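Below is one structure; the comments refer to it alone.
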Amino acid sequence: MILLRRVIVTGFDAFGDATINPSFEAVQGLPDTIMGAEIIKQQLPTVFQQGAEQLKATIMKNFPDIVICVGQAGGRDKITIEQVAINLIEARIPDNAGVQPSGIPIHEDGDNAYFSNLPVKAIVKSIQDHEIPAEVSYSAGTFVCNELMYQLLYMIQNEFPSIRGGFIHVPFAPEQTDTHPSMPIATVTEALHLAIEAALTYQEDIQYTTGRIH
């Protein structure tokens, strides 16, 4: 019997005064299967801890092979594949629940940082090869995106060692801004599709020099 592979892909709900979040808009555009793997799409709240709790419930229900979380990084002009999440919350603004933690760890018993176990560089190269701007990022920030990525990798480290997971940041959508870099949602969806294909294809990452600290 051939076991069906499963990939959970998450995006966030609209944050603050925004009416859309391009992360989930792009996730919604993905097909239901990629390379024979079932694609499970989930919208998460832009709220500390709640997103991770909902993600864990989905993981426990579906037993995925891969988890890719997606978030908006307003101001970035590329698809950025995050390499590392740090054990710190430093919220410069409140989350959607009005909570604004500052200077606290995500997990008291967690490592200072966890690295994605996705083939990050292979994902970047695959996206670049299709003429979509992309690079590795070595900073996921200190807000809800970094918190969710850290929570995912903490779960993988302590509860779900067979899962591979990580985080992808995407730019604003054109309809969100006239003054910042943006990328059409359809292009972001294509990049996510390519990222999933690369994650399903490469068990080990490739040698490829790319990336910067944002």
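Which residue is most open to solvent (accessible area, probe 1.4 Å), if the candidates are limited to segment 47-89 and must be charged (D, E, K, R) and within 15 Å of residue 148 (Cβ to Cβ)? Going through the qualifying residues, I end up with 53.
Which is more than 19 Å from residue 143 (Cα to Cα) and either modelled with pLDDT of 95 or more or out of contact with any Phe, Trp or Tyr (no Cβ under 8 Å at 6 or more places or on another chain) (or both), of 22, 101, 31, 105? First the steps, then the outcome.
On the way: 22 fails: more than 19 Å from residue 143 (Cα to Cα); 101 fails: more than 19 Å from residue 143 (Cα to Cα); 105 fails: more than 19 Å from residue 143 (Cα to Cα).
That would be 31, the only listed residue that is more than 19 Å from residue 143 (Cα to Cα) and either modelled with pLDDT of 95 or more or out of contact with any Phe, Trp or Tyr (no Cβ under 8 Å at 6 or more places or on another chain) (or both).
Tell me, please, whether a residue that is out of contact with any Asp or Glu (no Cβ under 9 Å at 6 or more places or on another chain), open to solvent by 30 Å² or more (accessible area, probe 1.4 Å) and within 23 Å of residue 29 (Cα to Cα) can be found in segment 129-148. Checking segment 129-148: at least one residue is out of contact with any Asp or Glu (no Cβ under 9 Å at 6 or more places or on another chain), open to solvent by 30 Å² or more (accessible area, probe 1.4 Å) and within 23 Å of residue 29 (Cα to Cα).
Can you tell me which residues in segment 182-214 are of a type in the set (Ser, Thr, Tyr), farther than 18 Å from residue 131 by Cβ and assigned to a helix (DSSP H, G or I)?
Correct list: 201 only.
Take the conditions aromatic (Phe, Trp, Tyr), assigned to a helix (DSSP H, G or I) and either in contact with a strand residue (DSSP E or B) (Cβ under 6 Å, 6 or more places away or on another chain) or buried (at least 21 other Cβ atoms within 10 Å of the Cβ) (or both) and apply them to residue 154. Does it pass? No: the conditions fail for residue 154.
What residue, among those in segment 22-42 that are touching a strand residue (DSSP E or B) at 6+ places or on another chain (Cβ under 6 Å) and over 16 Å from residue 191 (Cα atoms), is surrounded by the fewest Cβ atoms within 10 Å (Cβ to Cβ)? If we take residues in segment 22-42 being touching a strand residue (DSSP E or B) at 6+ places or on another chain (Cβ under 6 Å) and over 16 Å from residue 191 (Cα atoms), then 38 is surrounded by the fewest Cβ atoms within 10 Å (Cβ to Cβ).
The set of residues in segment 129-155 that are in contact (Cβ under 8 Å) with a residue 12 or more places away in the chain and more than 21 Å from residue 90 (Cβ to Cβ) comprises 130, 132, 133, 134, 135, 136, 155.
Listed by position, the helices (runs of 4 or more DSSP H) inside segment 16-133 whose residues that are closer than 14 Å to residue 194 by Cα number at least 2 are 22-28, 120-129. In this structure, residue 179 does not qualify as surrounded by 18 or more Cβ atoms within 10 Å (Cβ to Cβ) and in a loop (DSSP other than H, G, I, E, B).
Quick check on segment 165-176: of everything there that is over 12 Å from the mean Cα position of the chain (by Cα) and not in a helix (DSSP H, G or I), which residue is farthest from residue 74 (Cα to Cα)? The extreme case among them is 173.
For segment 3-14, the candidate set comprises residues that are outside any strand (DSSP E or B) and open to solvent by less than 60 Å² (accessible area, probe 1.4 Å); within that set, the residue that is nearest to residue 200 (Cα to Cα) is 13. Is there a residue in segment 107-125 that is among the acidic types (Asp, Glu), closer than 21 Å to residue 206 by Cβ, surrounded by fewer than 24 Cβ atoms within 10 Å (Cβ to Cβ) and free of Cβ contacts under 8 Å to residues at least 40 places away in the same chain? There is no residue in segment 107-125 that is among the acidic types (Asp, Glu), closer than 21 Å to residue 206 by Cβ, surrounded by fewer than 24 Cβ atoms within 10 Å (Cβ to Cβ) and free of Cβ contacts under 8 Å to residues at least 40 places away in the same chain.
The values are calculated or read from the model by the stated rules, or taken from the named source; none is laboratory data. All of these numbers come straight from a predicted model, not from anything done at the bench. Virtual Cβ from ideal backbone geometry, glycine too; neighbours counted across all protein chains shown. Please note that ligands, DNA and RNA were not included when accessible areas were found on the heavy atoms of the full protein model with its side chains. Shrake-Rupley method; radii C 1.70, N 1.55, O 1.52, S 1.80 Å.
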